[in-house]
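The values are calculated or read from the model by the stated rules, or taken from the named source; none is laboratory data. This structure is a prediction, so every number in the text was calculated from the model and none was measured. Neighbour counts are summed over all protein chains in view; Cβ atoms, including those assigned to glycine, are modelled from backbone coordinates with ideal geometry.
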Amino acid sequence: MIEVKDLKKSFGDRTALKGINVSIKDGELYGLLGPNGAGKTTTISILSTIVPADSGEVTIGGCNVHSGLNKIKKLIGVVPQEIALYNELSAIENLMFWGSMYGVPAKELSNTANGLLQLIGLYDRKHEKVKNYSGGMKRRINIASSLLHHPNVLFMDEPTVGIDPQSRNLIFEVVEKLHKEGMTIIYTTHYMEEAERLCDRIGIIDNGQIIAEGTLDELKKNSAIKETISITFTEGDENKIRELFSYWKDFNRTGKTIHFYSTDIKSDLAKLVLQCNQSGLEISNIEILKTNLETIFLNLTGKQLRD
Ligand SMILES: Nc1ncnc2c1ncn2[C@@H]1O[C@H](COP(=O)(O)OP(=O)(O)OP(=O)(O)O)[C@@H](O)[C@H]1O
Ligand SMILES: [Mg+2]
């Protein structure tokens, strides 16, 4: 239902997207997982027709921006990263306003808005001004306003950043319910836990490119690493650390911590500890991490998802 071919976008001399290719099936919950500046919002903005691409093609439900812009607009809902609400208006007033902007007929708008307020758990507070709401409550209203015109496809751009655990859980439940009802959802995040919990398929995005894609199981299976041994040293004698590196081909470093990728944990762990001792390197912490999206990302890019 959504086909994205070789999408490119630059802002001045900064390249935001270097050629994004994605294919998303009807009813699929697709996660775009990547760190700050990876290109998630740019991708979502182009897919939702807010920003034009420099080149490439996007087809949603058989339409593209040139041939069927109005049809696409009816098909999609967007939950932007930045909250778009009027603080001086109440929750219900905001929804009525956004609903009329979407062209939802007045007769059904009130019913739909009230139903959505129930869905997001704010029906009882619907007459309070949005300025009195917590960040999490505002985000929930933001989600409700994207659903007023009953879209088939929902773009959600980091809908849980900076909010309380209660709102986060409620948003997860709403996303899961919409998914169960058959909505196609594109969900961006830099939290691997969210991608792991929610998404049918995940595209790992970095530097304007999708560098790995698949179900969680496929990503784990295709990963060259089995486990990661993360060692933090007490004092960072660079020469000693460099000596240690000469034995290992697959590792990354973030600050004082070195992440060694292992395919045979028992023998690698013993070897590493022995080599640290022989080099006179004092270990302050050692952790063994099972392969997850974070370690896969680290292995692919040398960076952590959250810097
Ligand atoms: N309007 C703009 N003008 C100039 N540069 C931009 C603009 N929008 C995005 N960029 C740049 O494009 C790159 C991708 O940005 P984008 O907002 O898509 O990343 P992101 O993955 O959404 O990051 P975050 O997790 O911080 O939201 C970044 O280098 C960013 O600085
Ligand atoms: Mg963003």
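The set of residues in the stretch 5-29 that are within 17 Å of Asn152 (Cα to Cα) and part of a strand (DSSP E or B) comprises Ser23, Ile24, Leu29. Scanning the stretch 39-79 for residues that are touching a residue at least 60 places away in the same chain (Cβ under 8 Å), under 22 Å from Trp98 (Cβ atoms) and of a type in the set (D, E, K, R) yields one hit, Lys74. Please go through the stretch 237-272 and give me each residue that is over 28 Å from Arg306 (Cβ atoms) and hydrophobic (A, V, I, L, M, F, W, C), ordered by number. Correct list: Ala270 only.
For the stretch 128-168, a residue qualifies if it is within 16 Å of ligand 2 (Cβ to nearest atom) and either of a type in the set (A, V, I, L, M) or part of a loop (DSSP other than H, G, I, E, B) (or both), and the qualifying residues are Met156, Glu158, Pro159, Thr160, Val161, Gly162, Ile163.
Among the residues of the stretch 1-24, the ones that are more than 27 Å from Phe172 (Cα to Cα) and either surrounded by 18 or more Cβ atoms within 10 Å (Cβ to Cβ) or within 15 Å of ligand 1 (Cβ to nearest atom) (or both) come to 13 in all. Here the stretch 130-165 is the region considered, the condition is being small (Gly, Ala, Ser) and over 24 Å from Gly182 (Cβ atoms), and the residue that is farthest from ligand 1 (Cβ to nearest atom) is Ser134. Quick check on this structure: which one of Arg197, Arg242 is assigned to a helix (DSSP H, G or I), assigned by TED's automatic domain parsing to the domain that holds Asn169 and farther than 20 Å from Thr42 by Cα? None of the other options fit; the residue is Arg197.
Could you tell me whether Ala113 is at pLDDT 95 or above, of a type outside the set (Ser, Thr, Tyr) and assigned by TED's automatic domain parsing to the domain that holds Ser45? Against the criterion (at pLDDT 95 or above, of a type outside the set (Ser, Thr, Tyr) and assigned by TED's automatic domain parsing to the domain that holds Ser45), Ala113 qualifies.
Given the residues Ser100, Ser45, Ser110, which is the only one that is within 16 Å of ligand 2 (Cβ to nearest atom) and assigned to a helix (DSSP H, G or I)?
Criteria check complete, one pass: Ser45.
Has the stretch 68-82 got any residue that is among the aliphatic types (A, V, I, L, M), over 23 Å from the mean Cα position of the chain (by Cα) and either within 16 Å of ligand 1 (Cβ to nearest atom) or in a helix (DSSP H, G or I) (or both)? Taking every residue of the stretch 68-82 in turn, at least one turns out to be among the aliphatic types (A, V, I, L, M), over 23 Å from the mean Cα position of the chain (by Cα) and either within 16 Å of ligand 1 (Cβ to nearest atom) or in a helix (DSSP H, G or I) (or both).
Starting from residues that are surrounded by fewer than 20 Cβ atoms within 10 Å (Cβ to Cβ) and over 20 Å from Tyr191 (Cβ atoms), keep the ones in the stretch 30-54 and report whichever is farthest from ligand 1 (Cβ to nearest atom). Going through the qualifying residues, I end up with Thr49. Applying a threshold of 8 Å to beta carbon distances and a minimum spacing of six or more residues, or different chains, the list of pairs starting in the stretch 202-222 at a residue that is touching a residue at least 24 places away in the same chain (Cβ under 8 Å) and within 14 Å of Leu300 (Cα to Cα) and ending at one that is surrounded by fewer than 19 Cβ atoms within 10 Å (Cβ to Cβ) and of a type in the set (Gly, Ala, Ser) reads Gln209/Gly19. For the residues Gly61, Gly27, the requirement of being more than 22 Å from the chain's Cα centre (by Cα) and either within 16 Å of ligand 1 (Cβ to nearest atom) or closer than 24 Å to Asp200 by Cα (or both) singles out Gly61.
Taken over the stretch 180-216, the residue count meeting the criterion of being of a type in the set (D, E, K, R) and surrounded by 15 or more Cβ atoms within 10 Å (Cβ to Cβ) is 6.
Has the stretch 78-85 got any residue that is aliphatic (A, V, I, L, M) and touching a strand residue (DSSP E or B) at 6+ places or on another chain (Cβ under 6 Å)? Yes, that holds for at least one residue. Number of residues in the stretch 217-271 that are out of contact with any Ser or Thr (no Cβ under 8 Å at 6 or more places or on another chain), at pLDDT 90 or above and buried (at least 17 other Cβ atoms within 10 Å of the Cβ) equals 1.
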